[in-house]
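Trainee: One structure follows; several queries about it will come next.
The values are calculated or read from the model by the stated rules, or taken from the named source; none is laboratory data. Since the model is a prediction, treat every value here as computed from it, not as a measurement. Counting neighbours? That spans all protein chains shown, and the Cβs are built from the backbone with ideal geometry, glycine included.
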Amino acid sequence: MDAKLIAAFRRARSLSVLTGAGVSAASGIPTFRDKQTGLWENFDAAELATPGAFRRDPALVWGWYEWRRMQVLRAEPNPAHRALAAMAERIPTFTLITQNVDDLHERAGSPNVIHLHGELARPYCEACRQPYVHPPGIPELPEGGAQLEPPRCQACGARVRPGVVWFGESLPELDWLAALEAVKTCEVFLSVGTSAFVQPAASLIDLANRVGAVTVQINPNPTDADRAVAFALRGPAGELLPQLVHEVWEGKGSALK
């Protein structure tokens, strides 16, 4: 890797990381761009991830999110998740901002993860916003998924909805403000596995540039951010992140591979 990039990480006392679906893809979590399977193969994922879809057919949408939650519960963190957790141990001020709705970063050991798009594991009442706790264990669903009526809130009786941010909804304000504050004070900003297309998360790269941070992107494919970052690394996150940890900290991250 570029010597200037390695030097920037070695100097850094603060690092902010933005992750997207590409980080969890190697754990078997399909992205929205992937073709759906089973019951969902005739649906566009983006069409199911809206408030309107939940109003029209709550059983279809809840069933789809339970199928996704089942996939996450069966998945394991991959080397990209573990490499980021290793960075958190080595850099004094580390903030992980994710667009992913799974908990693989937390299971890998990253602390204080900011979930901009919500979490599959945290559904809540659509009326009173009372949190709902899933029964323990992995839901018993057919491999292809199934339509399921959403549970009812124990406080008010209204429907429970998935704990994610749907298209057309605003990001959680406190989480967004925390992300902005972290990027404003970071010395290095790392974008991993995201297309840098979805706003407002994509604007964090521009903010990092404005405050003078060293900006880095890791992605297997070209993105809109290629010309905006100082270093654009092309390749899978599960390979490049462990390599970066290894090269920056002189072999201490080699076990991550």
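Trainee: Spot the failing condition for Ile218; the list is (1) outside the structural domain of Thr93 (by TED's automatic domain parsing); (2) in contact (Cβ under 8 Å) with a residue 24 or more places away in the chain, and only one is missed.
Mentor: (1)
Trainee: Which one is surrounded by the most Cβ atoms within 10 Å (Cβ to Cβ) among residues in region 222-257 that are within 15 Å of Val23 (Cβ to Cβ) and modelled with pLDDT under 90?
Mentor: The extreme case among them is Thr223.
Trainee: Being more than 30 Å from Val248 (Cα to Cα) and polar (S, T, N, Q): is that true of Gln130 here?
Mentor: yes
Trainee: So, one more: If you scan region 1-26, which residues turn out to be assigned to a helix (DSSP H, G or I), surrounded by 14 or more Cβ atoms within 10 Å (Cβ to Cβ) and not β-branched (Val, Ile, Thr)?
Mentor: Scanning region 1-26 gives Leu5, Ala8, Phe9, Ala21, Gly22, Ser24, Ala25.
Trainee: Okay, next question. Tell me, yes or no, whether region 74-93 has at least one residue that is touching a residue at least 60 places away in the same chain (Cβ under 8 Å), surrounded by fewer than 22 Cβ atoms within 10 Å (Cβ to Cβ), in a strand (DSSP E or B) and not aliphatic (A, V, I, L, M).
Mentor: Yes, region 74-93 contains a residue that is touching a residue at least 60 places away in the same chain (Cβ under 8 Å), surrounded by fewer than 22 Cβ atoms within 10 Å (Cβ to Cβ), in a strand (DSSP E or B) and not aliphatic (A, V, I, L, M).
Trainee: Next question. Out of all the residues in region 112-119, is one or more buried (at least 17 other Cβ atoms within 10 Å of the Cβ), aliphatic (A, V, I, L, M) and within 18 Å of Ala59 (Cβ to Cβ)?
Mentor: Scanning region 112-119 turns up no residue that is buried (at least 17 other Cβ atoms within 10 Å of the Cβ), aliphatic (A, V, I, L, M) and within 18 Å of Ala59 (Cβ to Cβ).
Trainee: Still on this structure, I have one more. Any chance region 157-169 includes a residue that's buried (at least 19 other Cβ atoms within 10 Å of the Cβ), more than 18 Å from Leu5 (Cα to Cα) and among the β-branched types (Val, Ile, Thr)?
Mentor: Yes; the residues of region 157-169 include at least one that is buried (at least 19 other Cβ atoms within 10 Å of the Cβ), more than 18 Å from Leu5 (Cα to Cα) and among the β-branched types (Val, Ile, Thr).
Trainee: Separate question: Can you list residue pairs whose Cβ atoms sit under 7 Å apart, with the first residue in region 152-175 being under 18 Å from Ala201 (Cα atoms) and the second being among the hydroxyl-bearing types (Ser, Thr, Tyr)? Count only pairs 6 or more apart in sequence or on different chains.
Mentor: Note: pairs meeting the criteria are Trp166/Thr50; Phe167/Thr50; Gly168/Thr50.
Trainee: Among the listed residues Leu120, Leu116, Leu148, Leu141, which satisfies the condition of being in contact with a helix residue (DSSP H, G or I) (Cβ under 8 Å, 6 or more places away or on another chain) and modelled with pLDDT under 90?
Mentor: The unique qualifying residue is Leu141.
Trainee: Now for a different question. Would region 130-150 turn up any residue that is in contact (Cβ under 8 Å) with a residue 40 or more places away in the chain and closer than 30 Å to Phe94 by Cβ?
Mentor: yes
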